[in-house]
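Heads up, the thing below is written out as structure tokens.
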Amino acid sequence: MRQHLTDRMAAQARLARGHKQNLFDTHTHGLVLRLGSRTKTWYFSYRNGGPSRWLRLGTYPALSLADARKRVNVERAKLDMQQAPTQPAVVGLTAETINSLAQATAAAVVALLHTERA
């Protein structure tokens, strides 16, 4: 199901059927909240010249919607630079960790653009 996910919606989401259910965010392309029988897990769904792949980002509410969106943007920037998305080395991501990853990726993108223009 595709919809604009909100914090409230993520908190209230319940599994309607017996099987896993995926909620795709229309705001951030590739962000998916998978509802299981006991957990809600964020995923980044992407294609990189082949079949669809899913990168596990973390569980809700440990990883908030805002942090999941930031993480998807970081991983998408890696794909744009021909790098494969990676699992986090740390189990619990913090806003600080995601922010530093985003800044490092943005700096790499800017440097790459400057070298291409020169």
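The values are calculated or read from the model by the stated rules, or taken from the named source; none is laboratory data. None of these values were measured; they are calculated from a predicted model. As a convention, Cβ positions derive from the backbone with ideal geometry for all residues, glycine included, and neighbour counts pool all protein chains shown.
Data table
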item	result
Number of the exception - V74 against (1) closer than 20 Å to N48 by Cα; (2) of a type in the set (V, I, T); (3) modelled with pLDDT under 85	(3)
All positions within region 25-35 that are under 11 Å from the mean Cα position of the chain (by Cα) and in a strand (DSSP E or B)	D25, L31, V32, L33
Residues of region 4-22 that turn out to be closer than 18 Å to N73 by Cα and free of Cβ contacts under 8 Å to residues at least 40 places away in the same chain, as a count	1
Single unsatisfied condition, R38 versus (1) surrounded by 13 or more Cβ atoms within 10 Å (Cβ to Cβ); (2) part of a loop (DSSP other than H, G, I, E, B)	(1)
Residue count, region 41-84 (criterion: closer than 22 Å to A108 by Cα and in a helix (DSSP H, G or I))	14
Qualifying residue in region 92-115 (condition: at pLDDT 75 or above, touching an Asp or Glu at 6+ places or on another chain (Cβ under 7 Å), not β-branched (V, I, T) and not in a loop (DSSP other than H, G, I, E, B))	no
Residue count, region 1-33 (criterion: closer than 18 Å to R47 by Cβ and surrounded by 16 or more Cβ atoms within 10 Å (Cβ to Cβ))	6
